[in-house]
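The values are calculated or read from the model by the stated rules, or taken from the named source; none is laboratory data. The structure presented is a predicted model; accordingly, all values stated were derived computationally and were not measured. Neighbour counts run over all protein chains shown; Cβ positions are idealised from the backbone, glycine included. Heavy atoms of the whole protein, side chains included, go into the accessibility calculation; ligands, DNA and RNA do not. Shrake-Rupley method; radii C 1.70, N 1.55, O 1.52, S 1.80 Å.
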Amino acid sequence: MAETKIREYTKEEIKEIRKSRTPIPEQEPIVRGKNFEEVALGYTEEQALREANRCMACKKRDCVAGCPVEVPIPEFIQLVREGDFTGAAKKIKEKNSLPAICGRVCPQESQCESLCTLGKKMEPVAIGRLERFVADYERAHGGGGEVAKPKPTGFKVAVVGSGPAGLTVASDLAKIGHEVTIFEALHKAGGVLVYGIPEFRLPKAIVQSEVDGIASLGVKFELDSVVGKLYTVDELLERGFDAVFIGSGAGLPMFMNIPGENLNGVYSANEFLTRTNLMKAYLFPEYDTPIKKGKHVAVVGGGNVAMDSARTALRLGADKVYLVYRRSMEELPARKEEVHHAVEEGIDFKLLTNPVEIIGEDGWVKGIKCVQMELGEPDESGRRRPVVVKGSDFVIDVDTVVMSIGTGSNPIIPESTPGLELTKRGYIVADETGATSKPGVFAGGDIVTGSATVILAAGAGRRAADTIHEYLMSKVKN
Ligand SMILES: Cc1cc2nc3c(=O)[nH]c(=O)nc-3n(C[C@H](O)[C@H](O)[C@H](O)COP(=O)(O)OP(=O)(O)OC[C@H]3O[C@@H](n4cnc5c(N)ncnc54)[C@H](O)[C@@H]3O)c2cc1C
Ligand code: SF4
């Protein structure tokens with residue numbers, strides 16, 4: 001059913017609009033560098049209709065093959081074209097329970113949009129922006145509808161962690177009548193979506209509305225509850241839970257082990273972003289947690305986390321922010337859009353550069369000593385290995401350093417759960433369905449794969465929910 005006046009495009013007009021994607025309104029770089037509000041403002045109805053009309057409704061559906069959870073992309077875009085925005089949101093939700101989030105943070109350029117047939121000759125359809133539009137429309141217009149209350153099954157499931165994996169598994173299980181409790185170590189639910197990804201990329205109100213939606217299904221949240229300390233996984237099973245899902249993420253910060261990393265003014269990206277996002281340090285003293293507002297900041301790394309840290313440092317008031325990355329622009333693993341935004345905002349990219357020491361004075365950071373790199377032969381990952389250029393050291397004057405070179409598995413659950421098979425790097429071994437080596441215990445998301453993406457974690461949660469349901473139903477039969 002059309003929810004807006006549909007604009008019929010003529011063949012000529014369609015030929016014309018296919019040439020380039022509909023731009024998304026954004027805050028100007030000079031303005032947004034000084035606030036924490038969302039950078040991209042989202043499509044209007046008219047812009048969404050225009051972009052949807054670029055889609056060729058290909059029979060082969062290459063875009064779907066690029067989506068890790070196989071969202072029915074041409075079908076939802078067709079509904080947008082018909083002006084049925086709520087119907088489009090429902091269509092996406094058949095496969096992805098977090099469209100407002102994924103529409104904002106998925107690396108579409110290396111997934112669905114990279115395979116879009118239109119993209120072979122022109123710019124691909126802006127699938128992510130359309131996904132975001134319909135999800136926002138549904139939230140604003142309350143089109144989600146009441147979910148019918150399922151008959152309780154009598155089974156109880158404990159979910160450890162409230163990131164995208166935990167939220168998805170909890171929501172899917174609650175919808176079929178299982179009693180679900182999420183145990184979350186932090187005081188707010190959402191995982192990386194609340195403590196890592198900044199407000200200017202993913203407004204926290206959107207995450208909260210997902211969490212509220214899941215709570216309205218009857219899911220209980222036990223916040224400030226560290227499983228492995230307060231109760232172990234075995235104790236949860238003994239306390240009457242019939243199954244446990246572990247979605248505890250990969251939040252253990254890594255450092256380079258170079259001299260000076262223990263100086264004041266050196267942060268892990270994890271601490272830097274948590275203080276700012278979750279604890280609202282940028283509003284100190286109104287909020288309790290302070291943060292050092294560096295004037296000259298170096299962020300070490302090249303992923304989304306590094307990009308978020310650099311742009312956060314800028315918004316905290318830095319005059320100069322350097323992004324120190326050991327390979328070249330081509331190898332930057334961050335989302336293309338974030339790199340583009342960071343460049344526009346004036347982040348200074350020090351590429352082919354690697355830190356060797358953090359220099360201090362009176363216990364505080366004063367500079368970062370780096371060496372120049374050049375790209376050599378490809379390594380195991382297929383990317384050209386960076387090699388040090390001899391005698392190329394130089395110092396960048398900075399007062400703050402944020403280390404963003406990756407994270408590892410949090411050891412609390414693995415260490416407190418006997419019988420759980422782990423990889424050499426401390427991640428939980430789980431198969432495609434989410435089953436672990438321990439009966440009744442399932443796992444998914446970053447704690448299994450290592451740091452990955454929101455959609456992969458949500459997809460793992462969905463598959464694990466199916467497996468847990470089957471496991472519980474098999475108990476009835478036996
Ligand atoms: C700064 C940053 C930016 C990112 N940007 C993007 C992006 O743009 N696009 C994208 O797709 N991905 C991005 N990612 C990656 C993505 O966020 C993760 O892959 C995803 O959140 C993993 O989901 P998860 O549910 O497995 O774990 P998480 O989101 O990490 O959630 C795990 C939760 O478990 C809790 N927990 C841990 N241990 C315990 C315990 N013992 N007891 C109870 N609770 C526990 C944690 O507090 C946390 O809330 C980013 C990551 C970071 C850090
Ligand atoms: S490949 Fe591109 S043009 Fe074809 S259906 Fe998918 S989004 Fe539309």
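A few notes on this one:
- Residue-level accessible surface for Glu38, protein heavy atoms, 1.4 Å, Å²: 30 Å²
- Simple point charges give the picture: +1 on the Cβ of Lys and Arg, -1 on the Cβ of Asp and Glu, and for region 167-223 a dipole about the Cα centre of about 120 debye.
- Here region 78-196 is treated with +1 on each Lys and Arg Cβ and -1 on each Asp and Glu Cβ, and its dipole about the Cα centre works out to around 120 debye.
- Reduced Cα scattering model of the chain, Debye log10 I(q)/I(0), q = 0.09, 0.10, 0.12 Å⁻¹: -0.66, -0.81, -1.14
- The amide H of Val324, built 1.01 Å from its N in the peptide plane, has Val299, Val300, Gly301, Lys350 as neighbours under 5 Å, considering only residues 5 or more places off or on other chains.
- For region 377-454, the fraction of C-alpha pairs more than 22 angstrom apart is 50%.
- You can think of it this way: the chain between Thr44 and Glu361 has 108.9 nm of extra reach, that is 0.36 nm per residue less the Cα-Cα gap.
- Taking θ as phi - 60° and the Karplus parameters 6.51, -1.76 and 1.60, the scalar couplings of region 267-284 work out to 10, 7, 4, 4, 5, 4, 6, 5, 4, 6, 6, 6, 8, 6, 4, 5, 9, 4 Hz in sequence order, x denoting glycine and proline.
- Converting phi to 3J(HN,Hα) with the Karplus coefficients 6.51, -1.76 and 1.60 and the offset θ = phi - 60°, region 174-187 yields 5, 5, 9, x, 7, 8, 10, 10, 9, 9, 10, 5, 7, 8 Hz in sequence order, with x at every glycine or proline.
- Three principal axis lengths of region 318-463 [C-alpha, angstrom, descending]: 55, 37, 33
- The radius of gyration of the Cα set in region 1-97, together with its Dmax, comes out at 15.4, 46 angstrom.
- Taking 20 °C and 1.002 mPa s as conditions, region 108-230 diffuses translationally at an estimated 130 µm²/s according to Stokes-Einstein applied to its Kirkwood radius (Cα pairs).
- Of the two radii for region 204-347, the radius of gyration is 1.04 times the Kirkwood radius, both from the alpha carbons; that is the Rg over Rh value.
- Solvent exposure, largest accessible area first (probe 1.4 Å, DNA, RNA and ligands not counted), of His141, His296: His141, His296
- Couplings 3J(HN,Hα) of region 105-112, computed from phi: 10, 5, x, 4, 5, 10, 10, 3 Hz, in residue order, whole Hz [Karplus 6.51 cos²θ - 1.76 cosθ + 1.60, θ = phi - 60°; x for Gly and Pro].
- Once the Cβ-Cβ distance of His340 and Asn262 is raised to the sixth power relative to R0 = 35 Å, the FRET efficiency obtained is 0.50.
- Stokes-Einstein D for region 185-259, Kirkwood Rh over Cα pairs, 25 °C, 0.890 mPa s (µm²/s): 166 µm²/s
- Here the alpha carbons of region 256-326 define both size measures, Rg and Dmax, at 12.0, 38 Å.
- Net charge of Cβ neighbours under 10 Å - reference Thr433; Lys, Arg +1; Asp, Glu -1: -3
- Under 9 Å, Cβ to Cβ, from Ala40 - net charge with Lys/Arg +1 and Asp/Glu -1: +1
- Taking all pairs of distinct alpha-carbon atoms in region 115-178, Kirkwood radius in angstrom: 15.2 Å
- Grouping the Cα pair distances of region 150-217 into 10 Å bins from zero gives a pair-distance distribution of 22, 50, 22, 5, 0 percent in increasing distance order.
- Sequence-distant residues sharing a close amide H with Glu26 (under 5 Å, placed H): Leu41
- Per-selection metrics, region 279-395 (Cα): Rg and Dmax in Å: 15.8, 52
- Counted by Cβ distance under 15 Å from Pro259, the other residues give a net charge of -2, where Lys and Arg count +1 and Asp and Glu count -1.
- Most tightly packed first, judged by the mean number of other beta-carbon atoms within 10 Å of their residues, the peptides 157-166, 350-359, 383-392 read 157-166, 350-359, 383-392.
- Dipole magnitude (debye, nearest 20) for the chain, charges at Cβ of Lys, Arg, Asp, Glu: 800 debye
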